[in-house]
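The next block holds one structure in the form of structure tokens; read it before the comments.
The values are calculated or read from the model by the stated rules, or taken from the named source; none is laboratory data. Predicted model, so just to flag it, every value in this text is computed and none were measured. Don't worry about glycine lacking a Cβ; one is built from the backbone with ideal geometry, like all the others, and counts go over all protein chains shown.
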Amino acid sequence: MKNRSYEAELLDADNIPQKDLYLNLKELNNINTLLGGHNITLKGIAAFNLKLNKTYHLLDIGCGGGDNLRVIADWGRRKGLQLQLTGVDLKTDCINYAKEHCKAYPEIHFICSDYKDLLNQNTTYDIIFTALFCHHFKEEDLSILFRYKQQHANLGFFINDLHRHPLAYYSIKFLTALFSKSYLVKNDAGLSVKRGFSKTELLQLLKTFTNLEVKWMWAFRWLVIVRNNGS
């Protein structure tokens, strides 16, 4: 666990059979619900102290099955917030799954696109976030992504991702071996932890950002909040 792994996850492959991908998305939502991943995303949004009399546009890069956006939409409705939510994902099947499961949420929209194509667009958002996305990439790609987030997010951005730790690794390997029916989850859950981050690594990646918070969250997650000046 001393150094990040760069071994590719099965989920990053092309042409995953749809039924296998859909089972993976369903189980990832269950894991994020039971282990508090969705709540961490909500804490990231709440940190920006959104007001009731304004509409906010949020962008989820690497949205997968859209589960985070559904949770955010429900939270926003309970709070009386006006939210416009956009999810971007590379995989067509992920977008189709997300659209099917978000039919009751007109405030949610999806774009099927490589996130790198966003880097050449001038669209701005109020908050840009990623959840369990950054660990899929090498440091040089993340540096470019973080600069994009800062330049295109009016209030700022946040990251919800994994803390690389032996206890996290062996716990998720044990749990998925017992309960998962997805070969993608069984293979990738532990590997995702090995691709996760130490606090020192995150601070090094974000060393050019000044208004920065890095918080450890249960279960073995990092919540990184970067505010733009004045937010």
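From the list L191, L175, exactly one residue is closer than 27 Å to L11 by Cα and either surrounded by 18 or more Cβ atoms within 10 Å (Cβ to Cβ) or in contact with a strand residue (DSSP E or B) (Cβ under 7 Å, 6 or more places away or on another chain) (or both). Which is it? I'd like the intermediate steps shown before the answer.
Working: L175 fails: either surrounded by 18 or more Cβ atoms within 10 Å (Cβ to Cβ) or in contact with a strand residue (DSSP E or B) (Cβ under 7 Å, 6 or more places away or on another chain) (or both).
The match here is L191.
Could you give me the residue pairs with C-beta distances under 8 Å whose first residue belongs to the stretch 1-17 and is part of a loop (DSSP other than H, G, I, E, B), whose second residue is surrounded by 10 or more Cβ atoms within 10 Å (Cβ to Cβ) and acidic (D, E) wherever it lies, and which are 6+ apart or on separate chains?
Once the first residue is part of a loop (DSSP other than H, G, I, E, B) and sits in the stretch 1-17, its partners that are surrounded by 10 or more Cβ atoms within 10 Å (Cβ to Cβ) and acidic (D, E) give R4/E201; E9/D188; I16/D93.
Have a look at I45, I111 and point out the one that is closer than 15 Å to A131 by Cα, surrounded by 14 or more Cβ atoms within 10 Å (Cβ to Cβ), touching a residue at least 24 places away in the same chain (Cβ under 8 Å) and within 18 Å of the chain's Cα centre (by Cα).
Numbers: I111 fails: closer than 15 Å to A131 by Cα.
Testing whether each residue is closer than 15 Å to A131 by Cα, surrounded by 14 or more Cβ atoms within 10 Å (Cβ to Cβ), touching a residue at least 24 places away in the same chain (Cβ under 8 Å) and within 18 Å of the chain's Cα centre (by Cα) leaves just I45.
Considering each of N29, N53, N39, N15 in turn, give the residue that is surrounded by 16 or more Cβ atoms within 10 Å (Cβ to Cβ) and more than 16 Å from F129 (Cβ to Cβ).
Working: N53 fails: surrounded by 16 or more Cβ atoms within 10 Å (Cβ to Cβ); N39 fails: more than 16 Å from F129 (Cβ to Cβ); N15 fails: surrounded by 16 or more Cβ atoms within 10 Å (Cβ to Cβ).
Answer to the selection: N29.
Taking the stretch 212-231 as the search range and keeping residues that are polar (S, T, N, Q) and surrounded by 15 or more Cβ atoms within 10 Å (Cβ to Cβ), which one is modelled with the highest pLDDT?
Quick first cut of the stretch 212-231, residues polar (S, T, N, Q) only: 228-229, 231.
Now narrow it down to the ones that are surrounded by 15 or more Cβ atoms within 10 Å (Cβ to Cβ): 228, 231.
Values: N228: 91, S231: 54.
Among those that are polar (S, T, N, Q) and surrounded by 15 or more Cβ atoms within 10 Å (Cβ to Cβ), it is N228.
To keep it simple, each residue is scored yes or no on (1) in contact (Cβ under 8 Å) with a residue 12 or more places away in the chain; (2) farther than 30 Å from P17 by Cα; (3) under 17 Å from the mean Cα position of the chain (by Cα).
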residue	(1), (2), (3)
K181	yes, no, no
D188	yes, no, yes
S192	yes, no, yes
L223	yes, yes, yes
R227	yes, yes, no
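Find all pairs meeting these conditions: Cβ atoms under 8 angstrom apart; at least six residues apart or on different chains; first residue within the stretch 19-38 and on the phi > 0 side of the Ramachandran plot; second residue surrounded by 16 or more Cβ atoms within 10 Å (Cβ to Cβ) and not hydroxyl-bearing (S, T, Y).
G36/M217; G36/A219; G36/R221
Of the conditions (1) without any contact (Cβ under 8 Å) to a residue 60 or more places away in the chain; (2) touching a strand residue (DSSP E or B) at 6+ places or on another chain (Cβ under 8 Å); (3) within 21 Å of N154 (Cβ to Cβ); (4) part of a helix (DSSP H, G or I), L83 satisfies every one except a single condition; which number is it?
Only one criterion is unmet by L83, namely (4).
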